[in-house]
Structure formats: C-alpha cells, structure tokens
1. Which whole-number percentage describes the relative contact order of the chain, with Cα contacts under 8 Å and a sequence gap of 6 or more?
2. Looking at the chain, what % of the alpha carbon pairs are farther apart than 29 Å?
3. Under a point spin-label approximation (7 Å from Cα along Cα-to-Cβ), what is the residue 72-residue 116 distance to one decimal in nm?
4. When only Cα pairs under 8 Å and 6 or more residues apart are kept, what is the percent relative contact order across the range 21-134?
5. Using the alpha-carbon centroid of each, what span in Å lies between the range 184-224 and the range 241-258?
6. Using a basic spin-label model with each label point 7 Å from the Cα along Cα→Cβ, how many nm lie between residue 241 and residue 27?
7. Rounded if a/c is under 1.5, else prolate if a/b is larger than b/c, else oblate: which is the range 76-228, with a ≥ b ≥ c the root eigenvalues of its Cα gyration tensor?
8. Answer rounded, prolate or oblate for the range 125-195, using the Cα gyration tensor with square roots of eigenvalues a ≥ b ≥ c: rounded when a/c is under 1.5, else prolate when a/b is larger than b/c, else oblate.
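Quick note: the coordinates plus some simple rules give every number you see, no bench work behind them. This is a predicted model, so every value here is computed, not measured. Cβ sites come from the backbone with ideal geometry, for glycine too, and all protein chains shown count toward neighbours.
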C-alpha cells in the first residue's frame, strides 16, 4: 500500500488499488472539514456536468460530521437548489421518532440548509417495511427516468452521485448486516428487513448492486471500537477472515473513499508509520 501525506489537513492518505482511497485524520474536526470539502467538490462537479446532485445518506454520526456544510463558505457557495436527498437505509418508524434517520438529518442538517423541500425523498412511514421498500424503489425509478438520478453504464441500477455510509463495529453498512440474506439480493434496488440485529428491527435499505453502482461511495468510520472492522474491510486479509458487508462495497465504475479517524485506523497495516 502506497502512503503519502497531506500535511495541510493533517491527513494521511493510503491508496489501495482494490479498496479505494483511505483518508486518515488526526481528529473529528479534521475529518469533518475534509468531508465537507469532499462533498462540496462532488456537488459542484455533478451540478456542472448534469445539473443535479443526488446524494444518499445513512444515519448515525455521519450527520453530525457533515455539520461544516451548514457554515461558511459552503452555505453560500454550494448550489443547494440542485441537491436531491435520499436515504441509503431507513428505520421503519414515524418521521418524528427518535430512531428515524430522516429526523436526525432534518434536525441537524437539512433544516439549516436552503434545500428545496420537494427534493428531499424520505420513505412513506405509514406503510409496512415491505411496502415502504417497494414504494421507495418506485420513487427512485421515476427520478431515474427523468435523469435526476443518473443511470449506471454497467448495470440497470441507479447511479447516485454520492452514497454516504457509516460502518458499525460488526462491519455492517446501510442496513446490510453480516450473514444476512439481504446481502444476496441482486434484483431489487431497495429491499427490507424485519429482523435487524440492531434495533429497531424493521428497516429498508439499498441493496449492494445499487450502492456499487454509485459514481462515488464514501464510508465514514470513527472510534476505536471499529478498528478491527476497519482492518477487515480495508486491509489485504486472508481467505480465513470473515467477509464483512463493508468489504463488499466495490463500486463497479465509481470511486470508493474511506474517511477514518486515528482510532478507527489504528489496526490498519502501516498505521504505526504515521507521524501526525
């Protein structure tokens, strides 16, 4: 793995041909700054190229780490009117429920930005998990037809400009959990689960083919509790090691970037060489 340094941002970059680009940050503030720059740059490029920026979010700490987008210079320089917001996964609960990814994003991010309300596509929380997944896929299909969401050149899946994911200590991404049958889903764009090992049990989620059809996938991982999962997801590991859902993230024609803090990166090969 080749290592180079970006001293200005106190960030180490590891480049792996098979696992994308790994950006290791000294602290959460540095990570947040770099993440905001990254998202803003993708937004500008996408709007310039095709007139829209279609981004799919997850919940958890990602939303708080996107906080810099609410301030200068991004609140003035980003073309928020061209943003279309989706969720890579969602808990099937009411929109005002504490477990709702929509509520988390609305309260801490979307309500502070001039995003067009009709461009925010949350699930229909009055439906069952199965119905909500089918309905959400229908919405995405309509927007693919109008090219608000691009279409993949290598599959019949939507090609989101950015899918932004977190990773759990067990290596799950979106609501794709280890050893779950949902990992085998190849035909649906959006599917559902009713037996999530992490509550709440009912969720909808993008499938692996959709995530891997994105133009850009970013996985944000923080904290020492996720260091072993980061190693298994990123490093070259032997066949005896479990294949985590996070390791199955392999954009077919897009770019994969990992955003890690020091603690999450602490078990990666070569990490001890860094002098940050």
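1. Answer for the chain is 20 percent.
2. Value for the chain (Cα pairs over 29 Å): 28 percent.
3. Here the modelled spin labels are 2.9 nm apart.
4. Result for the range 21-134 is 25 percent.
5. What the calculation gives is 12 Å, centre to centre.
6. The answer from the label model is 3.0 nm.
7. Taking the square roots of the gyration eigenvalues as a ≥ b ≥ c, the range 76-228 is rounded.
8. Cα axes put the range 125-195 in the oblate bin.
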